[in-house]
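Below: the structure, in structure tokens.
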Protein chains: 2
Amino acid sequence: MPIPILLTVDAVVFGYTPQRDLHVLLIQRGHDPFAGHWALPGGFVLPNEHIEHAVRRELKEEAGIEPDYLEQLYTFGNPNRDPRGQVVSVAYYVLVKPSKFTLTAGTDATDAQWWPIADLPPLAFDHAEILQVAFNRLSAKVTYEPIGFELLDEKFPFSHLEHLYTTLLRHSIDRRNFRKKIMQFGILESLNEKSAPSGSGRPAALFRFNRARYFELKNSGFALDLSTPAVK
Amino acid sequence: MPIPILLTVDAVVFGYTPQRDLHVLLIQRGHDPFAGHWALPGGFVLPNEHIEHAVRRELKEEAGIEPDYLEQLYTFGNPNRDPRGQVVSVAYYVLVKPSKFTLTAGTDATDAQWWPIADLPPLAFDHAEILQVAFNRLSAKVTYEPIGFELLDEKFPFSHLEHLYTTLLRHSIDRRNFRKKIMQFGILESLNEKSAPSGSGRPAALFRFNRARYFELKNSGFALDLSTPAVK
DNA sequence: GCAAAAGTGTTGTAACTACACCCATGT
DNA sequence: ACATGGGTGTAGTTACAACACTTTTGC
């Protein structure tokens, strides 16, 4: 005797802003429960809607975002996670280049904003836990798949990549060795452009991720390894 | 306006039988849809039931199995995956030592049986896809976490471990190098016992997985790597 | 004594870590 | 000229891959 259950989706959207820090997209809830609290974007799955479609729809509605990279994270089924009763939520994690979008608050939300991962407000429901799981997954995955590039602009200086990895791996790395390793794979295309000078310092060369080259490598059985030891 | 949706769980239960092959537990369905077809064990989530609890309950009911190792795999939400209408399913994968259980067919099932992974019957719903995802996940995970031991008996000869990895990695491996690698970690405790002679050949020494030692290693920041190159 | 499975060491090579100084630009 | 961030090479060490013969048992 099947009993229908309320099903939602939630998205942990990561963005890496030019100021060089990892951010998460949060929306401020307009209604109860948790009215006024910050929460992950998400909402109920519609009848006959594919769950992945539901996430994309909610992201567009609530924040005006259409992600390139989106992947299922985990399904949270603790019967007490929502004060309204049993609500099971399928969580996704999403990587975007923030420069591609202007955030727009949707109808259900009073606001949509990027929050630095190191300084988050209290979150509604079990969203702090979901975010933690997402961050851990991202940190782990970035060492064996080149998904970090989904967070950077199309063209980026090497230092952005390095700083991103520093943040995700939670330790500093040796610049020379890291660069050598990535260059060896040949998955970075070096452009004949320099970044605009930002304040002072030498302008950096710009690179682009060579997706085609990466898939070649991958299909020929090559395993990427972007982990790097902590520098003392 | 939330609409309730039917929610099920499905389990991909892997077992490694003494005959030395990787098997999956399937049940033969007693009712429509797909009456008579083989399917993954599973069923509907009850009101206010935690989803993980639902899997354990179904496994016990349908096959008499109480697993040690159980982990969420992926949530399948294609609206056409069930002919009865929209049914979202949270899939788990489960590792058991088959020698610990006697299979018992439950009330909904006409039969419960181990099937060799290399020779499966046609499956109900999208269960073939689920099984494929589970197998891929298991194959990947076995290289960086020692979950393979959950499939072996408490005491096992080295050759069982080696054969298991051969099956999961889908290529043969160098026995000497593999053994060296695993022995280096010190996660195998060598017992002063020999396996009973099975037919002909030299009797093998028995080992036990040293869980405590593994957690020590892990907590001191050590990353296991049990991948091994294919032998030419 | 032969078939079948278990057990074991060495050597060359490739990959990694550690490490510090010069360069280009803005102010 | 100085502050800021960008860019680069080498040497010692370690870890891995490749490889084949001997041992113990049953029949």
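Side notes on the structure shown:
- Lone unmet requirement of (1) within 14 Å of another protein chain (Cβ to nearest Cβ); (2) away from DNA strand C (no atom under 13 Å from the Cβ); (3) in contact with a Lys or Arg (Cβ under 8 Å, 6 or more places away or on another chain) for A:Leu226: (2)
- The residue pairs whose first member lies in segment B:170-190 and is within 11 Å of DNA strand C (Cβ to nearest atom) and at pLDDT 95 or above, whose second member is in a loop (DSSP other than H, G, I, E, B) and not aliphatic (A, V, I, L, M), and whose beta carbons are closer than 6 Å, counting only pairs six or more residues apart or on different chains, are B:Phe178/B:Thr228.
- Check on B:Tyr93, outside the structural domain of B:Ile182 (by TED's automatic domain parsing), buried (at least 19 other Cβ atoms within 10 Å of the Cβ), over 14 Å from the mean Cα position of the chain (by Cα) and part of a strand (DSSP E or B): no
- Residue in segment B:144-161 that is within 14 Å of chain A (Cβ to nearest Cβ), surrounded by 14 or more Cβ atoms within 10 Å (Cβ to Cβ) and within 16 Å of DNA strand C (Cβ to nearest atom) present: yes
- Qualifying residue in segment A:112-135 (condition: out of contact with any strand residue (DSSP E or B) (no Cβ under 9 Å at 6 or more places or on another chain), within 14 Å of another protein chain (Cβ to nearest Cβ) and either assigned to a helix (DSSP H, G or I) or more than 16 Å from DNA strand D (Cβ to nearest atom) (or both)): no
- Looking only at segment B:24-44, residues that are touching a residue at least 60 places away in the same chain (Cβ under 8 Å) and surrounded by 14 or more Cβ atoms within 10 Å (Cβ to Cβ) come to 14 in all.
- Residues (within 12 Å of chain B (Cβ to nearest Cβ) and at pLDDT 90 or above) located in segment A:1-35: A:Leu6, A:Leu7, A:Thr8, A:Val9
- Qualifying positions in segment A:59-80 - crowded, with 18+ Cβ neighbours inside 10 Å and more than 13 Å from chain B (Cβ to nearest Cβ): A:Leu59, A:Glu62, A:Ala63, A:Ile65, A:Pro67, A:Leu70
- Residues considered: B:Tyr92, B:Tyr69. Of these, the only one that is in contact with a strand residue (DSSP E or B) (Cβ under 9 Å, 6 or more places away or on another chain), among the aromatic types (Phe, Trp, Tyr) and more than 22 Å from A:Ile5 (Cα to Cα) is B:Tyr69.
- Out of B:Gly106, B:Gly85, one residue alone is more than 28 Å from A:Asn48 (Cα to Cα) and at pLDDT below 95. It is B:Gly106.
- Cβ-Cβ under 6 Å pairs, at least 6 apart or on other chains, segment B:208-232 side in the same structural domain as B:Asp174 (by TED's automatic domain parsing) and surrounded by 12 or more Cβ atoms within 10 Å (Cβ to Cβ), far side of a type in the set (Gly, Ala, Ser) and not in a helix (DSSP H, G or I): B:Arg213/B:Gly186
A quick yes/no check of all residues on (1) in a loop (DSSP other than H, G, I, E, B); (2) aromatic (Phe, Trp, Tyr); (3) touching a Cys at 6+ places or on another chain (Cβ under 7 Å):
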residue: B:Leu191; (1), (2), (3): no, no, no
residue: B:Pro203; (1), (2), (3): yes, no, no
residue: B:Tyr214; (1), (2), (3): no, yes, no
residue: B:Gly221; (1), (2), (3): yes, no, no
residue: B:Thr228; (1), (2), (3): yes, no, no
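- Count of residues meeting criterion [closer than 26 Å to B:Val142 by Cα and in contact with a helix residue (DSSP H, G or I) (Cβ under 8 Å, 6 or more places away or on another chain)] in segment B:102-125: 5
The values are calculated or read from the model by the stated rules, or taken from the named source; none is laboratory data. Being a predicted model, the structure only gives us computed values, none of them experimental. Positions of Cβ are backbone-derived with ideal geometry, glycine not excepted, and every protein chain shown enters the neighbour counts.
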